[in-house]
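As structure tokens, the structure follows; a few thoughts come after it.
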Ligand SMILES: Cc1ncc(COP(=O)(O)O)c(C=O)c1O
């Protein structure tokens, strides 16, 4: 297998850096330690093509949204039809009503929805709703979980070691950016995830908690499954203490099941936030929840809320995902991918844990078991090896998510791409184990 030449990407990055902050539109577009990101020219189905003409099988899916594959024909046509009618109205539309009705039908906690544009924004909206509804201020968030880049969200999302996270019972509140005021943590309480006792204890001790926000399947650090009954017990604690339970389903929504992780695990939160896969590539986010909570006096604002193109994209996407065959296929392909990775990893004696839930597949190195929480990840996962796998795979035509071991399937992936993926990983694992 020949390694790709990506000279044009390198040059483009150099040029971009002169005029664009950091040379990328989002810090997530270049992996830490990566010399330069590969620049793309076009994409179709599960494939992306870079500016040097190299082809990649893609499991990044544009950081999650591209659940129908790139440049899906039906999706393109739905958007083209809307373009002819107008791209943006800042007014109610009939298609917005249709979309809202689909969402209320598909999402278990949704009696009512509100539209925003990004995951960051919609989680801030949910914080405000929870605070208005309960009259309390503090939001519980969990170590290693990411809810967006805003001041009150980007707290303890990462760490270099367990020591940095601090005492298990009273974790540090880690601020990650210059310019993020220390006071942004004042109304945030950080806890370790997957421990229902610590949530109950905190709610017994404090009377200022407005909400608990969590990824019900912890994708941003693992992915990590909730312990048996964890979600159910947190649900019960939240109800008992009049605290709003928010599921951040920005990743899990429409990926794990049509109704998200709440459908997958059978635990219904008070509010849930959705973004990425909802519209297969356009910016749109939704807060869904119980009417009595949603109608607590907080109003959605934003020029682009309910944008007509995003609405058309979301409607088309939901209509495709409402076919249960989609999730049966994800399961089939996820199993094939997991088994294939396990087989080649075994061949080179590489400890790996693989899993899949809907369209989200997991490949974690360093341990042969699933992780328990973020501390467990920091102690047992071999992030360095994972980064090497990502870098080398890219040189052979495979795009994986940097760092977190998460791979997204789309409806465009087939057995052919999975087989090719395993072939490439075989070469990658061989080369990396020879290096050792
Ligand atoms: C779980 C989760 N919540 C929220 C966000 C923020 O979403 P956005 O990047 O659309 O602001 C992300 C982004 O990756 C996420 O993974």
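A convex hull fitted around the alpha carbon atoms of the chain yields 144 Å³ per residue.
With a simple spin-label model that places each label point 7 Å from the Cα along the Cα-to-Cβ direction, the separation between residue 206 and residue 415 comes to 5.2 nm. Kirkwood radius and radius of gyration were both taken over the C-alpha atoms of the range 74-321, and their ratio Rg/Rh is 0.98. In the range 74-321, the DSSP beta bridges split such that about 45 percent are antiparallel, to the nearest 5.
The modelled label-to-label distance for the pair residue 239/residue 27, using points 7 Å beyond Cα in the direction of Cβ, is 3.9 nm. Within the listed set 398, 97, 68, the Gaussian network model of the chain (springs between alpha-carbon atoms below 10 Å) gives the highest mean-square fluctuation for 97. Normalised by 2.2 N^0.38 Å, with N the number of residues, the alpha-carbon radius of gyration of the range 37-147 equals 1.43. Sorting 296, 189 by the number of Cβ atoms found within 10 Å of their own Cβ, with the fewest placed first, yields 296, 189. Distance from the Cα centroid of the range 362-436 to that of the range 57-94 is 29 Å (rounded to whole angstrom). Taking only the Cα atoms of the range 111-187, the radius of gyration and Dmax are 13.7, 43 Å. May I ask for the percentage of alpha-carbon pairs in the range 252-411 that lie more than 19 Å from each other? Here the tail beyond 19 Å accounts for 64 percent of pairs. By the beta-carbon count within 10 Å of each Cβ, the least crowded to most crowded order of 220, 382, fewest first, is 382, 220. Taking the DSSP beta bridges with both ends in the chain, the antiparallel portion is around 65 percent. The residues 236, 205, 415, when put in order of fewest to most other Cβ atoms within 10 Å, stand as 205, 415, 236.
Placing R0 at 25 angstrom, the Cβ-Cβ distance between residue 432 and residue 7 gives a FRET efficiency of 0.55 after rounding to 0.05. Remark: the residue 384-residue 347 segment gains 11.3 nm on full extension, using 0.36 nm per residue and subtracting the alpha carbon distance. Of interest is the spacing of the C-alpha centroids, which for the range 1-24 and the range 101-148 amounts to 37 Å. Taking the helices alone, the chain has a mean residue ellipticity at 222 nm of -12000 deg cm²/dmol, built from -39,500 (n - 2.57) per DSSP H run of at least 4 residues and averaged over all its residues.
Values in this text are rule-based calculations from the coordinates and carry no lab data. As the structure is a prediction and not an experimental result, all values here were calculated from the model. Glycine also receives a Cβ, built like all others from the backbone with ideal geometry; neighbour counts cover every protein chain displayed.
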